[in-house]
Amino acid sequence: MILVSTRIITDNVNELVTFYEKITGMSVVKYTPDFVELKTQTATLAIGSTKTLQFFGGDNIAEPAQNRSAIIEFRVEDVDKDYERLTEYLQNYIVQKPTLMPWGNKSLLFRDPDGNLVNLFTPASIEAVERLN
């Protein structure tokens, strides 16, 4: 089994596209106005409009902007540089400035416009580097 993607269901596809393109420096692949993908080297972040829920059995399958349990994580080369680059853009979204975690990652935690938690992290200890390579 291979984890391929995580999908965010939203009423704000364009706003999330702009947000994720800004924080990652990557462009999404836009298949329709209601479905896009941000493809990274190891996994994909899909963004789907609430209109796509009809293909899964109805509008009550998922609710946008209701996540309070998952964190979308991106490994970055230097979280401090990304923090500097994004500080002004993220000022209303930051939950925690870059902080060294007990498991060896330095993490920047913030929310996207729908309230989903996002973590940019860099392995900062020898153990974290070894674990993630």
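The values are calculated or read from the model by the stated rules, or taken from the named source; none is laboratory data. It should be emphasised that the depicted structure is a prediction, and the values quoted were computed from it without experimental measurement. Cβ atoms come from the backbone with ideal geometry, glycine included; neighbour counts cover every protein chain shown. Note: accessible area is taken over every heavy atom of the protein model, side chains too, but ligands, DNA and RNA are not part of it. Shrake-Rupley method; radii C 1.70, N 1.55, O 1.52, S 1.80 Å.
Does Gly48 count as modelled with pLDDT of 95 or more and over 16 Å from Val118 (Cβ atoms)? Let's see the steps before the verdict.
Numbers: modelled with pLDDT of 95 or more: yes; over 16 Å from Val118 (Cβ atoms): yes.
Here the answer is yes, as Gly48 does meet what is asked.
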*Being surrounded by fewer than 18 Cβ atoms within 10 Å (Cβ to Cβ), hydrophobic (A, V, I, L, M, F, W, C) and touching a strand residue (DSSP E or B) at 6+ places or on another chain (Cβ under 6 Å) is the filter; apply it to the range 86-116 and report the residue that is nearest to Lys22 (Cα to Cα).*
Ile94
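I'm trying to understand the selection: among the residues of the range 1-33, which are of a type in the set (Asp, Glu) and under 12 Å from the mean Cα position of the chain (by Cα)?
Residue satisfying the conditions is Glu21 alone.
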*Please specify each residue of the range 64-107 satisfying the condition of being among the aliphatic types (A, V, I, L, M), without any contact (Cβ under 8 Å) to a residue 40 or more places away in the chain and part of a strand (DSSP E or B).*
Ile94, Val95, Leu100
*Which of the residues belonging to the range 65-81 are over 13 Å from the mean Cα position of the chain (by Cα) and either among the aromatic types (Phe, Trp, Tyr) or open to solvent by less than 30 Å² (accessible area, probe 1.4 Å) (or both)?*
Val79
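Looking at Arg75, is it touching a Phe, Trp or Tyr at 6+ places or on another chain (Cβ under 7 Å) and not polar (S, T, N, Q)? Give the derivation first.
Values: touching a Phe, Trp or Tyr at 6+ places or on another chain (Cβ under 7 Å): yes; not polar (S, T, N, Q): yes.
Answer is yes for this residue.
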*Do you know which residues across the range 29-45 are in a loop (DSSP other than H, G, I, E, B) and either free of Cβ contacts under 8 Å to residues at least 24 places away in the same chain or among the aliphatic types (A, V, I, L, M) (or both)?*
Pro33, Asp34, Gln41, Thr42, Ala43
